[in-house]
Amino acid sequence: MAGSITTITAHALRLPEYSPAAIHGTELAIGTITEAATDLLHMTRRERAELAYMHPGRVDVMGAGGLVWRRILERLNELTEGRIVTATASEHDILDGIALSIH
C-alpha cells in the first residue's frame, strides 16, 4: 500500500519523475488525493506505464491501491465526522514507525 500512496501523491503533485524528497511529508487535501487516485484508476495500463514516476511493478496494481487508499480516507472522514481533511505522505515504512515507538 505504501507505494500506492506515494505514487498517488506523485500524481497529485504532477511530478516529472519520482522524487522521494518532493513526496515525503507532503500534506494534501483528501479531495485532491481522491481525484488523483480516481484519475489513475481510469487510466489505461499503457497510460500508467508512461508516467515517469510510476514504478513498473505498480502499473497493474495501481487501480486497486487507489481504491483501497480512497476508501480508507473516506472511512476516516466518516469516523471523525469530517475533522480529518488532509493526509500526509511518507517515504518511510511501518518498520520505521515500529522502531520509533520502541524508543
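Starting from residues that are in a helix (DSSP H, G or I) and out of contact with any helix residue (DSSP H, G or I) (no Cβ under 8 Å at 6 or more places or on another chain), keep the ones in segment 41-53 and report whichever is surrounded by the fewest Cβ atoms within 10 Å (Cβ to Cβ).
Out of the qualifying residues, it is Arg46.
Filter segment 14-40 down to the residues that are closer than 13 Å to Met54 by Cα and surrounded by fewer than 21 Cβ atoms within 10 Å (Cβ to Cβ) and list them by number.
Arg14, Leu15, Pro16, Glu17, Tyr18, Ser19, Pro20
Evaluate segment 63-82: report whether one residue or more is among the hydrophobic types (A, V, I, L, M, F, W, C), in a loop (DSSP other than H, G, I, E, B) and more than 12 Å from the chain's Cα centre (by Cα).
No: zero hits.
Of the numbered conditions (1) assigned to a loop (DSSP other than H, G, I, E, B); (2) without any contact (Cβ under 8 Å) to a residue 40 or more places away in the chain, Ala37 fails exactly one; give the number of that condition.
(1) is the only condition that Ala37 fails.
No lab work stands behind these numbers, since they all come straight from the coordinates. From a predicted model like this one, the values you see are computed outputs, not experimental measurements. Note that we place each Cβ from the backbone using ideal geometry, even for glycine, and neighbour counts take in every protein chain shown.
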